[in-house]
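Everything below concerns the one structure shown next.
The values are calculated or read from the model by the stated rules, or taken from the named source; none is laboratory data. Every value quoted in this text rests on a predicted model; they were computed, and no experiment measured them. Here the Cβ positions follow ideal geometry from the backbone for every residue, glycine too, while neighbour counts run over all protein chains shown. Accessible surface areas use protein heavy atoms only, side chains included; no ligands, DNA or RNA. Shrake-Rupley method; radii C 1.70, N 1.55, O 1.52, S 1.80 Å.
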Amino acid sequence: MQRTPAPACTRIGLVIHHGRPAAVAAADRVRTWAAAHGVAVTEVDVWQDQPDRPGLPLPTRRNSAAEVAASGHPDLIVTVGGDGTFLRGARVAAQDGVPVLGVNVGRVGFLTEVEPDDVESALAAFVAGRAQLDERLMLTLRASRPLDIPPGLQSMLCYGRGPLLPPPPQRDTDCPNGVDLDVTAVNDIVFEKLARDRQASLGVFVEDTLFASYSADALIVASPTGSTAYNFAAGGPIVSPRVRALIFTPVAAHMVFNRSLVVAADEPITVRVLDRSGQIAVSIDGQLRGVLEPGDWVSVLPAHRPAHLVRLGPSDFYARLRSRFGLADAPAAVADSAPIVVD
């Protein structure tokens, strides 16, 4: 956690969950505050204007680099919605290394910081340098080849959800082994079987050492921030966001050893698709971004830049954990002690 100096904020990028009236109303409060303080506002919109009618092309989506360019490279990203909206905004913010402020109108709000009634005071605190930045490790990918999505998969998966994001572009780097992909994940990168009747057969390497070969429904590589998401639902550990680590968790593994593994951030985890495996879908923060074939490999490693979450004060991760998961005390422990008063 670090306090941010008073930044030059001339433009705010808004990421809004338009399906929630409360989010639309909170976004209007951001615009009103910005207009009163001479700050421009641009809505960050991933949906390009293409019709979605029979006989016409499916609408497309922009990747994060195109989004931030189209929105004029804001100095601050403000997301108005739940954690899903926040994840989208954080990926956009990471392109320019700018902070992201989450306004919570969702049901869980594990990542979002501010309630709608506090929008104006939060923006004023950020501009005045009274806010704090919570640094979070993000993930990126190196792969044996650029990712792609097979023809026909787009139309099969888009119904009810809108079009898929495009495969991540290749970074312009001189990588002697594989290709660096221009993509970041706040929560996790998941490798999962594409067909129900074909297992994911995957070899997992830590650095250059084979750790184990798995036959499973999926493998999750999570950041500490993402340890409370799919990783937790799959039985993985919760890791403090202050820890620089990668968390690896198999899902429904057909083997005796099905435990999670926590490794240092500088120990990349490489997943190789084995010869007799079915196709493997690669999802980044819940979004399908590519399909792997036998022989392909992908390495997960820390992103070049961390995410910077705007906080109004010190983040009490464990109190939020207790609240969001509704943790209850053991009846025997309560019976054996006086009530614990939490201020």
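Quick check on region 92-105. Is at least one of its residues over 20 Å from ASP188 (Cα atoms), modelled with pLDDT of 90 or more and among the charged types (D, E, K, R)?
no
So which residues in region 218-235 are open to solvent by 50 Å² or more (accessible area, probe 1.4 Å) and either more than 16 Å from GLY286 (Cβ to Cβ) or over 17 Å from the mean Cα position of the chain (by Cα) (or both), if there are any at all?
Within region 218-235, the subset open to solvent by 50 Å² or more (accessible area, probe 1.4 Å) is 230, 232-233, 235.
Result: GLY235, single match.
Report yes if some residue within region 197-215 is β-branched (Val, Ile, Thr), farther than 23 Å from PHE86 by Cβ and either at pLDDT below 90 or touching a Lys or Arg at 6+ places or on another chain (Cβ under 6 Å) (or both); otherwise report no. It would help to see each step written out before you state the result.
So the first thing to find is which residues in region 197-215 are β-branched (Val, Ile, Thr), and the list is 204, 206, 209.
Those still in the list that are farther than 23 Å from PHE86 by Cβ too: 204, 206, 209.
Checking the rest, the ones that are also either at pLDDT below 90 or touching a Lys or Arg at 6+ places or on another chain (Cβ under 6 Å) (or both) come to none.
No - not one qualifying residue is present in region 197-215.
How about region 68-91: which of its residues are outside any helix (DSSP H, G or I) and over 19 Å from TYR230 (Cα atoms)?
Residues of region 68-91 outside any helix (DSSP H, G or I): 71-82.
Of everything in region 68-91, those that are outside any helix (DSSP H, G or I) and over 19 Å from TYR230 (Cα atoms) turn out to be SER71, GLY72, HIS73, PRO74, ASP75, LEU76, ILE77, VAL78, THR79, VAL80, GLY81.
Kindly list, by first and then second residue, each pair from a residue in region 23-35 that is among the β-branched types (Val, Ile, Thr) to a residue that is open to solvent by less than 50 Å² (accessible area, probe 1.4 Å) and part of a helix (DSSP H, G or I), limited to pairs with Cβ atoms under 8 Å and residues at least 6 apart or on different chains.
VAL30/VAL119; VAL30/LEU123
Scan (1) out of contact with any Pro (no Cβ under 6 Å at 6 or more places or on another chain); (2) closer than 24 Å to SER240 by Cα for the single condition LEU274 breaks and write down its number.
(2)
Applying the selection to region 121-132, what residues are within 18 Å of ALA40 (Cα to Cα) and either without any contact (Cβ under 8 Å) to a residue 24 or more places away in the chain or exposed (fewer than 15 other Cβ atoms within 10 Å of the Cβ) (or both)?
Of all residues in region 121-132, those within 18 Å of ALA40 (Cα to Cα) come to 121-128.
SER121, ALA124, ALA128, listed by residue number.
What is the number of the single condition among (1) touching a strand residue (DSSP E or B) at 6+ places or on another chain (Cβ under 8 Å); (2) modelled with pLDDT of 95 or more; (3) of a type outside the set (Ser, Thr, Tyr) that ILE238 does not meet?
(1)
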